[in-house]
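Heads up, the thing below is written out as structure tokens.
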Amino acid sequence: MTLLSPFLIAALIIAPIWLGSIKDTEVKHIAVIDQAEKYGKAFESGDTYIFEIVDQPINNIRENKDYYALILISDDLVNNPDAVTIYADNQVGLEFKSYISGQLNSFVENEKLNQYNISDLKKIIEESKTHINIKTVKWSDDGSETETSSEIAMIIGMFSAFLIYMFLFVYGTQVMRGIVEEKTSRIVEVIISSVKPFELMIGKITGIALVGLTQFVIWAVLLAGILFVFGNDMGINTPAQDMMSSTDVAELSSNPTISALMHYNFWEIGIFFVLFFLGGYLLYASLFAAIGAAADNETDTQQFMIPLTIPVIFALYAAIYSANNPDGPLAFWTSVIPFTLPIVMMVRIPLGVPLWQLILSVGILFLSFVGTTWLAAKIYRTGILMYGKKISYKEIWKWIRYK
């Protein structure tokens with residue numbers, strides 16, 4: 001799966017693009033009944049849709065299976081824009097409905113403009129339309145200016161946050177399931193005779209963390225290579241391909257996307273990604289390990305999973321809202337709560353976070369890991385050899401209080 005997963009992820013990205021490039025070659029005949037007698041010329045036939053103005057009862061057209069759909073215009077759309085109905089044997093697709101809506105909207109808009117009897121009114125309106133392109137520039141402490149992109153920063157942050165969200169669940173539950181499996185098969189009794197319970201727990205957490213980082217590096221390299229090859233085959237250039245295919249710095253700088261990407265400190269983002277990934281994983285993995293030690297089988301772990309699942313899901317929602325307001329109270333407080341900060345902080349870093357908040361978050365995260373590890377160790381040392389008893393929160397509290 002380490003080698004197969006990048007291909008599956010790439011397939012999820014490539015398949016929609018490839019399928020979207022395949023055009024529908026089936027010709028669909030559309031009957032149009034224009035009771036207002038003025039909108040027949042609004043429909044332009046093409047390679048996919050052929051429109052036919054008919055003057056027949058609706059029931060006759062319904063029996064004619066050569067028609068894909070029937071469009072009935074029952075009134076003047078200028079005064080009654082709801083007077084359009086599409087009849088079909090099957091539910092028509094959103095693309096077809098949008099196409100018809102676009103055709104009629106353009107026709108009716110032109111008709112309304114012509115009623116003003118102003119010469120070249122349409123041309124005047126078209127010329128008055130303006131697309132404002134807003135640039136964002138970040139001021140540095142040394143007085144320098146850096147052109148940035150809020151959209152790119154949000155994409156980088158949300159992608160990083162989602163990766164950590166996914167890894168927390170995947171590798172955290174992997175720790176829990178491994179402990180439950182060892183406990184169920186009684187192999188843990190042999191292992192405990194050679195190492196202390198705390199050493200066994202830390203070894204399992206550390207080992208899976210290293211596996212997670214190794215898999216992440218392999219996935220990143222393979223996925224980048226797959227998408228690079230796919231981009232060449234499909235004639236789609238990614239920013240990385242553009243940078244590799246061009247040696248002209250001025251040409252690169254003229255591309256807004258590449259120019260914005262070049263100003264981000266990916267070393268900083270990568271370093272903090274590793275720190276928050278490891279810190280978040282160690283925090284949750286220690287608690288997952290405690291759950292695995294306390295339960296006899298995987299079914300019994302479900303009641304203890306909810307308190308761990310809710311903070312992670314809440315963190316993802318907080319990250320989404322924090323992307324729109326990275327300096328707001330929600331973003332700040334979820335960046336200092338250990339159970340939510342690994343995900344939220346990864347969204348905020350590309351948008352700019354004060355150094356003291358980064359140091360504070362990293363410190364809180366790893367101090368919290370020490371605390372949860374101490375707590376999990378108390379549960380682990382008692383629960384790992386406990387069999388045949390349904391564990392409750394009250395029972396776990398007793399284990400924590402044991403000296």
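Of all residue pairs spaced 6 or more apart or on separate chains, those with beta-carbon atoms under 7 Å, a first member in the range 274-285 that is assigned to a helix (DSSP H, G or I) and a second member that is of a type in the set (Gly, Ala, Ser) are Leu278/Ala209; Tyr281/Gly172; Tyr281/Ala209; Tyr281/Gly212; Leu282/Ala209; Leu283/Ser368; Tyr284/Gly172; Ala285/Gly172.
Among residues belonging to the range 379-394 that are in a helix (DSSP H, G or I) and among the basic types (Lys, Arg), point out the one that is least open to solvent (accessible area, probe 1.4 Å).
Result: Arg381.
Here is the figure for the range 355-378: residues that are open to solvent by 20 Å² or more (accessible area, probe 1.4 Å), over 16 Å from Thr334 (Cβ atoms) and not small (Gly, Ala, Ser) total 10.
Name the residue, out of Phe273, Phe314, that is at pLDDT 85 or above, open to solvent by 30 Å² or more (accessible area, probe 1.4 Å) and closer than 28 Å to Val217 by Cα. Show your work before the answer.
Numbers: Phe273 fails: open to solvent by 30 Å² or more (accessible area, probe 1.4 Å).
The unique qualifying residue is Phe314.
Could you list, in sequence order, all residues of the range 28-47 that are of a type in the set (D, E, K, R) and either in contact with a strand residue (DSSP E or B) (Cβ under 7 Å, 6 or more places away or on another chain) or surrounded by 14 or more Cβ atoms within 10 Å (Cβ to Cβ) (or both)? Lys28, Asp34, Lys38, listed by residue number. Pairs meeting the criteria (first residue in the range 182-202 and more than 11 Å from Ile384 (Cβ to Cβ), second residue surrounded by fewer than 11 Cβ atoms within 10 Å (Cβ to Cβ), beta carbons under 8 Å, at least 6 apart or on different chains) are Thr184/Asn297. Scanning the range 153-174 for residues that are open to solvent by less than 60 Å² (accessible area, probe 1.4 Å) and aromatic (Phe, Trp, Tyr) returns Tyr165, Phe167, Phe169, Tyr171.
The values are calculated or read from the model by the stated rules, or taken from the named source; none is laboratory data. None of these values were measured; they are calculated from a predicted model. Here the Cβ is made from the backbone with ideal geometry for all residues, glycine too, and neighbour counts use every protein chain on show. The area values use the complete protein model at the heavy-atom level, side chains included, leaving out ligands, DNA and RNA. Shrake-Rupley method; radii C 1.70, N 1.55, O 1.52, S 1.80 Å.
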